[in-house]
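The structure appears below as structure tokens.
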Amino acid sequence: MGLLLLLTYSLLSCYLQAGGVVTAQPQRLFTIRDITLSIEPSNDVTRDINVTLRCQAMVSSSGEEALSREYTIFKDGNTVYSKTSSSSEDLLYPLPQARVSNSGKYKCKINIGGKQLTSSVQKLTVTGLSKPVLHLNNGVVSEGEELAARCTAPGETGSIFFYFYEDSTEILERQVSSNQAEAKLRLSKAGSHKIHCDYIVLVPPDSFKSEGSVPIPVSVKELSITPVLEIFPQYKIYEGDQLTISCSITNFRYKPENIQLFLSQGTNLLSIGESKVNHSMVALAKDPGEFECRLEMGNFVKAATKTVSVTELFSMPTLTLSPAEVFQKEYMTLTCRSESYASERLSKEELTFALDPPQSHLMLEGPGVFYGKVLQSDFNYTCVAQAKGIVKHSRTLTVRPKVSVSIPKISVVGRAVLHQSVKILCQSDIGSLPINYTLLKDTAEVSVMSIKLPYQQALFTVTITHPAEISKFTCKAKNSHKEAQRSKSLNATVIVPLTHPTLTVIPDIAEISEGDHLFLICGVDGTPPVKFKWYRVGNQQPVHNTTSNTNHSNYQVPLLSKEHADNYYCEAVNHANNVVRSDPVIIEVRMALWKKVLIGGFCLLTGAVLVVVLVLCFKSKRGKREAASELSVKPSSPKSDDSNPPITVNLTHDTEVFNADTVRVDKAAVSVWSKRPAESADDEESSLESNEPDVEYTEVVHPQPADLERAPLKKGTDTVYSELQNSPHGAADHHDYQGSVEYAELNGEQPEINHHHPEVNTYQDLPEPVD
């Protein structure tokens, strides 16, 4: 409650001091027009020059008072200086007595009320480093004694690397962030040495190296303590001899502290001690012959070394295989030998050989000679030679039994085409490499090829000149001293390229008509299967294609029409890939025979109808004339002496009477024939097709008057007949046709003509005239 009253009082006081009226401050308007960074006196200076970085900003504002500005200086992207100012004056960043470490890329940034602007980058380069100064704590030291050293780079700043040297050899490196470095140095050996130092100032991405300091001489005194190495025996050491090795210290008057002795052979540490170390071992020729006695006293190190020569008692054994190449289930010999031995120390009988591990499938035939059958898989053998406690092993011998080659198979790769290159493959299913393959033709050797790698193949190239020649090839395979395995004869089909293409047409070209079944047979000489194609001349797409396992095939058109008339040819190709083409054949399609017959028959029928119409017209007119003349053959009375009685003649066609005239018969007999005109060959063909009846002939026969006077007429001897006949050939045969024959018989008792249809009517039935 008291805090609330205090706050209210404060607000009231502020109000009264302001004259009782609270007014808002007007907002300042400004803009940052530009900012620049400059380096004075220059961008490139030498050390100890005073350098100033000037940051100048151009700001426009609406008020008279200066705005609060925040300046920031960057070097290589890192902030090195910042300042807030209410003055419009330039910002100055001094670099007194510039050093190499001041080199870099600088830029300036200004911030006013949240608005920022950064200048462009300016690069400053300072050259020249101060000479280093070396300080040593002592000028004379003993072996192993440390020497304190300090190297200083006067006035330098930044990241500095210091280097210390013994004579001209660098012995120590220090990196510090100040301008000096301290180090403990150990000099390598007794004698006089010179120590100096230098440094490098790192200004990424560059570095600057100083000159060397003034060298300081240092004297190193040798210590009287010395390691001693002794080996017994000293001369003519053989394998198996007992070696005694001693490592000790001499030439010391007092017992030094922290002394250690190390006895080693090569990299093998044998023993460790303080004042003396002994070690015993069997001499071996294979071991390194260099021994070392090493003295270490703090940082002080001294060593004595000796090399011992050990004579081999016997050389390392070697294991050999005979024969050099062995095959499964064959016999082999393993021989183990040492090429040399020290005969003055060792007899031949003392040296023994054995296989490691022992092999039950091998028998010992003599010292170091083992005989037995080869295993079917790879096996490792090692020989062990031993004498006087010395054991030596040979290198491991791996026996890899080879597999005898199987009977090879011979085949053609791809297709065998006559008169072209053919690849023949000879291959065995099993057999160890290398394998020599030989291609034979009959018994003659054609070519030899050696296969040494698994992915290789024995491919031979030949040319076949006759189809039967392919079966003369065989091949042999050999990979051992055994006789080569021979394959069977090559069995492959030789593709004969296509030749002599022909295009045969059935039926004959001259007889092709509409409606025929057309066959275009394409035939070739060569090896099937054959792919046939039939083309119309001028068309790129075939009208038909097929593949046949014979040398011929056909393209059929079941119902031929005028649209099929064209020039045709065929093409054929087989596995020899040679395309052959026949000569073109011209197909002309004629009109069908039945159309010709139909047209001819129609024409004949039309003509026949016209003829019948004309005949009917003629008969009608003739009948009228005969009726007008009243021809009659009837007698006046039955007993009349008239020898020519009148006869009534009726002409009929089928059952229709054309006319009935009365005819007076003269003394002489009258024969009247009505014949149709001869028909052409086409008309005859038309008659074959037409069933319409045609009038063949009409005949009337009368006996002569003399006959009538001499003797009376016999019944049936005088005949008047009319015959209508439809015959395809104009013959007298009237069987199975629609024509009809009508007869009128003349006698004394029958004055009228009877109409009937005889079953058979030939020209032989016709009556002969009476003499």
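The numbers here are math on the coordinates, done by the rules we state, and not lab data. Because the structure is a prediction, the values reported are computed rather than measured. Here Cβ is always computed from backbone atoms with ideal geometry, including for glycine, and neighbour counts include all displayed protein chains.
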Note on the stretch 445-521: the mean projected area of its alpha-carbon convex hull, in nm², is 9.9
For the stretch 279-290, Karplus-derived ³J(HN,Hα) couplings (6.51, -1.76, 1.60; θ = phi - 60°; whole Hz; x for glycine and proline) come out as 8, 10, 7, 8, 6, 10, 6, 6, 6, x, x, 9
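Over the Cα atoms of the stretch 468-512, what is the Rg over Rh ratio if Rh follows Kirkwood?
Numbers: Rg = 24.0 Å, Rh = 15.5 Å.
So for the stretch 468-512, dividing Rg by the Kirkwood Rh gives 1.54.
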Any lysines whose Cα falls less than 20 Å from that of residue 373, other than same-chain ones fewer than 8 residues away, would be 329, 402, 482
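Check each of the trypsin sites (Lys or Arg not before Pro) in the stretch 484-581 and keep only those in coil by DSSP with at most 14 other C-beta atoms within 10 angstrom; list them in order.
Details: sites: 486, 488, 531, 533, 536, 562, 581; in loops: 488.
Hits after loop and neighbour filter: 488.
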The lysines whose Cα lies under 29 Å from the Cα of residue 115, excluding any fewer than 8 residues away in the same chain, are 75, 83, 105, 107, 123
Taking the reciprocal of mean 1/r across every pair of different Cα atoms in the stretch 182-302, the Kirkwood radius in Å is 18.2
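Only Cα pairs under 8 Å and at least 6 apart count here; give the relative contact order of the stretch 314-443 as a rounded whole percent. Could you put the intermediate results ahead of the total?
Details: 235 pairs, mean separation 29.8, N = 130.
So the answer I get is 23 percent.
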Under the Karplus relation with 6.51, -1.76 and 1.60 and θ = phi - 60°, whole-Hz ³J(HN,Hα) for the stretch 82-97, x at Gly and Pro, equal 8, 7, 10, 9, 9, 8, 8, 6, 5, 8, 10, 10, x, 10, x, 6
Sorted largest first, the C-alpha extents of the stretch 436-590 along its principal axes in whole angstrom are 81, 27, 21
Share (percent) of C-alpha pair distances in the stretch 306-350 greater than 11 Å works out to 75
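Report Rg/Rh for the stretch 84-227, rounded to two decimals, where Rg is the Cα radius of gyration and Rh the Kirkwood radius.
Values: Rg = 22.5 Å, Rh = 18.3 Å.
In the stretch 84-227, Rg relative to Rh is 1.23.
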With DSSP loop assignment and no more than 11 other C-beta atoms within 10 Å, the GluC sites (Glu not before Pro) in the stretch 20-124 are 64, 65, 89
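Give me the dipole magnitude in Debye, nearest 20, for the stretch 175-327 about the Cα centre, with unit charges on the beta carbon: positive for Lys and Arg, negative for Asp and Glu.
Details: 14 positive and 16 negative charges, 140 e Å.
Computed about the Cα centre, the dipole is about 680 debye.
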Here P(r) for the stretch 348-415, Cα-Cα distances in 10 Å bins, as whole percents, is 16, 37, 21, 11, 8, 6, 2, 0
Listed by chain and number, the lysines with an alpha carbon less than 30 angstrom from that of residue 306, same-chain partners under 8 positions apart left out, are 189, 221, 236, 255, 276, 286, 388, 392
Taking the reciprocal of mean 1/r across every pair of different Cα atoms in the stretch 14-166, the Kirkwood radius in Å is 19.7
Rg (one decimal) and Dmax (whole number) from the Cα set of the stretch 26-104, in Å, equal 15.2, 52
A correct Karplus calculation of ³J(HN,Hα) over the stretch 170-187, with 6.51 cos²θ - 1.76 cosθ + 1.60, θ = phi - 60°, whole Hz and x for Gly and Pro, returns 5, 10, 7, 9, 9, 10, 9, 9, 10, 9, 8, 9, 10, 8, 9, 10, 10, 7
Note, residue 329: beta-carbon cut-off 13 Å, +1 each Lys/Arg, -1 each Asp/Glu, net +2
